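The next block holds one structure in the form of structure tokens; read it before the comments.
The values are calculated or read from the model by the stated rules, or taken from the named source; none is laboratory data. Just so you know, these numbers come straight off a predicted model, no measurement behind them. A quick note on method: Cβ atoms are made from the backbone with ideal geometry, for glycine too, and the neighbour counts reach across all protein chains shown.
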Amino acid sequence: MTSRDDRLDVGREIVRAKEAKGLSWQQLADELGRSLVWTTSALLGQQPLTQDQAQQIGAVLGLDGDAIGALSLPPVRGEAATDPTEPVTYRFQEALQVYGTALHELVREEFGDGIMSAIDFELEFERVPDPKGDRVKLTWNGKFLPYRVW
């Protein structure tokens, strides 16, 4: 396995193996000693795993050698890895369409002209109980990067 499609195919294989073994993403994250969101992203093909991590998760999930090898391939990020019609993904895009300009202005007012890094970045996921229906809480935490003047 050597192509970016193989990396995404292994992600789908991991979802099937995880479900067949009755494991949660949190259990897999605990196995690797990494965060829930990073581990899930990595196992879906969007973050790099070391050879040791690939072997470790492969043993837990019963993956074959080709699948384990694919886990160490360069990650597949962005549009190639995302189905924009999937309802959860679509709603995140919709939220950014509605609030993106406001967030841009708030970052600019608070920090100055720049961006929030998606490289030096952490994302926390939490379920928050609520009597009207449980809520999804996401915390984005990225380094501010000012635009450079030269």
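Can you tell me which residues in segment 73-86 are of a type in the set (A, V, I, L, M, F, W, C) and either without any contact (Cβ under 8 Å) to a residue 40 or more places away in the chain or buried (at least 17 other Cβ atoms within 10 Å of the Cβ) (or both)?
Scanning segment 73-86 gives L73, V76.
Return the residue satisfying two criteria in turn: it lies in segment 80-96 and is under 13 Å from the mean Cα position of the chain (by Cα) and assigned to a helix (DSSP H, G or I), and of such residues it is nearest to K21 (Cα to Cα).
First pass over segment 80-96, keeping only residues under 13 Å from the mean Cα position of the chain (by Cα): 81-82, 89.
Checking which are assigned to a helix (DSSP H, G or I) leaves us with 81, 89.
Working: A81: 24, T89: 26 Å.
If we take residues in segment 80-96 being under 13 Å from the mean Cα position of the chain (by Cα) and assigned to a helix (DSSP H, G or I), then A81 is nearest to K21 (Cα to Cα).
Could you tell me which numbered condition G58 fails, if it satisfies all but one of (1) over 15 Å from the mean Cα position of the chain (by Cα); (2) within 22 Å of E122 (Cα to Cα); (3) at pLDDT 95 or above?
The failed condition is (2).
Taking segment 69-108 only, how many residues are of a type outside the set (V, I, T) and in contact with an Asp or Glu (Cβ under 8 Å, 6 or more places away or on another chain)?
Number satisfying all stated conditions: 2.
Show the residue pairs that are 6+ apart or on different chains and have beta-carbon atoms under 7 Å apart, the first residue being within segment 124-150 and aromatic (F, W, Y), the second being assigned to a strand (DSSP E or B).
If the second residue must be assigned to a strand (DSSP E or B), the pairs left are F125/L138; W140/L123; F144/G114; F144/M116; Y147/G114.
Within segment 114-135, how many residues turn out to be surrounded by 10 or more Cβ atoms within 10 Å (Cβ to Cβ) and over 16 Å from the mean Cα position of the chain (by Cα)?
Matching residues across segment 114-135 total 5.
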